[in-house]
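What follows is a short report on a single structure.
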Amino acid sequence: MMITLLDYGAGNVRSVVNAIEKLGGTIKPVTKPSDILDADKLLFPGVGNYESMIRILNEKKYIHPLREYLEADQPFFGICLGMQALFEGSEEDFSGNESLCIFKGMVKRFKTKLAVPHIGWNGVNLKKDSPVFKNVKADAKFYFVHSYHIVPDDSSGDESVVLTTTNYDYEFVSSVQKGNIIGTQFHPEKSGTAGIKLLENFIYQKDLRAQKAIDIKGKGLSKRIIACLDVRTNDQGDLVVTKGDQYDVREKGDVRNLGKPVELARRYYEEGADEITFLNITGFRDFPLKDMPMIDVLEKTSKNVFVPLTIGGGIRDYTDSNGKTYTALDVASQYFRSGADKISIGSDAVYIAEEYLKTGKKSGKSSIEQISKVYGNQAVVISVDPQRVYVNSPEDAKKHHVIKTQFPGPDNENHCWYQCTVQGGRVTRDLDALALAKACQDLGAGEILLNCIDKDGTKSGFDLELINAVRSAVSIPVIASSGAGCEDHFAQVFEKTSAEAALAAGIFHRKQVPIQSVKDYLADRNIEVRGMI
Ligand code: 1PR
């Protein structure tokens, strides 16, 4: 089955291609406007910024053939922005470029007290009996990552285009279908077996048209469980997954070797991880575009792993020994093309935040601003590596956000602040984690990966005080990281803080706690999780 792919050049289309090929389909990329009209089935994955997507469709002269194709009710599957493009316009677009206007309605920003972007696994309320949902279980969850959603205008009285809605703090339209034209806000190519089934139905069902109206209810947003792989080259030159104790990855002089990155990532996908994060922990030393093994890891992993992949380490501007300059955007783009959905910035984020707080001005040139502008806020994660600095009272660290702690310091100090570090915890900076998180959110970051050097590898539980302090300082999602030792530690994170996700490394690598038993434990406590479907 030949599927024509409309790739307008932003974001990760590799996963879509991998999914179609795994299903036995063949991809034909659109390279000129007439390819659109020649398509039998057209797939349009979009990610990032609506304005730049519509601008590129106009520049490439795709708008008119697309409209002609859609008006003829030819099979079409739009993903995320690829669905939003079907409507009349977006609150994210002030360019005045021509849009497709196939369906009536607008794309609007979430107005909610919950975290925006809406990131993670959520259910759907099915409103039509559609062949694309054939053999997809009613309680299936799909992966969402977006700050805007469609608001169809059904005032004409014609049959509604709404195929599903989804519950956040209000119900929003999460997919549409009219005739053979389908669009989903969620990413089927990142939604494990449920999403792959949807794509399979699109490819192989002969008649895609929805038969009748139904009303099947789904549930809300799940708390995510993320497996993290700290990757580096060991002294023998092998790329290995390692794990530190408070960031010290050596044992008796050797770098701990806990497995191979591609194999471990696949194992975690099959065991039910909601996301996989790779951190190239020596990336601050080496230039990642030279360090091709990480690109190879992403390419190989994305062939078999259909959940979101994040990559961090070394994402910054770089000048090589010949004086050639690479921007952080170049590095990130290479990672997105290789299969990453998000990039994570550590050390560079600290320097950027320091500069921003000093000048009060956004330069527009920082890695956070540049990457979020092209790929969207949801694609930029800030990895924070803080450690506690104990003080007797807030007066002792006036410049910083000081909290009262239930876990006093070595000299019985009952206050602390969280000091940012760079270069894998080796260098401390005069900046606290809350100030860093807020500044990065201002600059366009979409998520915080909140590590904790004091807790890393200790298996003593997450630093709930840190998580609460940072989560209440920002409105973007926070991933709690460092210290997981048992199932109950995950329950504590979700019951005692508002973190959207929890990440662990050591206990998964050493097979001490299976991912599924974490999820079973949480489900028993009525914490919403994605099951194995
Ligand atoms: O600074 O942009 O090059 O990024 C470097 C990245 O590498 C940062 O995200 C930084 O957190 C990470 N990193 C650097 N050195 C280390 C190290 O361990 N020596 N690892 C390191 C950080 C922390 C977690 C870990 C959790 C969970 N790893 O991601 O996986 O603490 O562990 P646990 O469940 O076993 O407790 P840049």
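The values are calculated or read from the model by the stated rules, or taken from the named source; none is laboratory data. If you're wondering where the values come from, they're calculated on a predicted model, not measured in any experiment. Methodologically, a virtual Cβ is constructed for each residue, glycine included, from the backbone with ideal geometry; neighbour enumeration extends over all protein chains shown. Just so you know, the surface numbers come from the protein's heavy atoms only, side chains and all, with ligands and any DNA or RNA stripped out. Shrake-Rupley method; radii C 1.70, N 1.55, O 1.52, S 1.80 Å.
Tallying residues that are assigned to a loop (DSSP other than H, G, I, E, B) and open to solvent by less than 30 Å² (accessible area, probe 1.4 Å) within segment 425-447 yields 4.
Kindly indicate the residue of segment 228-242 that is under 24 Å from the mean Cα position of the chain (by Cα) and open to solvent by 10 Å² or more (accessible area, probe 1.4 Å) and also nearest to the ligand (Cβ to nearest atom) among those meeting that condition. Going through the qualifying residues, I end up with ASP230. Looking at segment 195-210, which of the residues that are touching a residue at least 60 places away in the same chain (Cβ under 8 Å) and out of contact with any helix residue (DSSP H, G or I) (no Cβ under 8 Å at 6 or more places or on another chain) is farthest from TYR148 (Cα to Cα)? For segment 195-210, the residue satisfying everything is TYR204. Within segment 469-482, none of the residues are more than 23 Å from the chain's Cα centre (by Cα), assigned to a helix (DSSP H, G or I), more than 10 Å from the ligand (Cβ to nearest atom) and farther than 18 Å from ALA227 by Cβ.
Matching residues to (1) outside any strand (DSSP E or B); (2) in contact with a Pro (Cβ under 8 Å, 6 or more places away or on another chain); (3) at pLDDT 95 or above:
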position	(1), (2), (3)
PHE172	no, no, yes
ARG209	yes, yes, no
CYS228	no, no, yes
VAL231	no, yes, yes
GLN236	yes, no, no
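The set of residues in segment 243-257 that are within 26 Å of the chain's Cα centre (by Cα) and near the ligand (Cβ under 8 Å from one of its atoms) comprises LYS243, GLY244, TYR247.
Residues considered: ASP153, ASP158. Of these, the only one that is free of Cβ contacts under 8 Å to residues at least 12 places away in the same chain and in the same structural domain as LEU100 (by TED's automatic domain parsing) is ASP158.
The listed residues are TYR335, TYR326, and the only one of them that is without any contact (Cβ under 8 Å) to a residue 60 or more places away in the chain, open to solvent by 10 Å² or more (accessible area, probe 1.4 Å) and of a type outside the set (A, V, I, L, M, F, W, C) turns out to be TYR326.
Among THR242, THR319, THR301, THR310, which is touching a residue at least 60 places away in the same chain (Cβ under 8 Å), among the polar types (S, T, N, Q) and in the same structural domain as CYS452 (by TED's automatic domain parsing)?
Numbers: THR242 fails: touching a residue at least 60 places away in the same chain (Cβ under 8 Å); THR319 fails: touching a residue at least 60 places away in the same chain (Cβ under 8 Å); THR301 fails: touching a residue at least 60 places away in the same chain (Cβ under 8 Å).
Every option except THR310 fails the conditions.
Pick from VAL255, VAL249, VAL262: which is surrounded by 17 or more Cβ atoms within 10 Å (Cβ to Cβ) and without any contact (Cβ under 8 Å) to a residue 24 or more places away in the chain? Talk me through it step by step, then tell me what you get.
Values: VAL249 fails: without any contact (Cβ under 8 Å) to a residue 24 or more places away in the chain; VAL262 fails: without any contact (Cβ under 8 Å) to a residue 24 or more places away in the chain.
Checking each option against the conditions leaves just VAL255.
Give me the residue from segment 414-424 that is closer than 18 Å to LEU464 by Cα and of a type outside the set (A, V, I, L, M, F, W, C) and, out of that set, most open to solvent (accessible area, probe 1.4 Å). Give the derivation first.
Pass one, segment 414-424, residues closer than 18 Å to LEU464 by Cα: 414-420.
In the following step, the residues that additionally are of a type outside the set (A, V, I, L, M, F, W, C) were identified as 414-415, 418-419.
Details: ASN414: 57, HIS415: 26, TYR418: 3, GLN419: 29 Å².
Step by step, filter segment 414-424, then rank; the result is ASN414.
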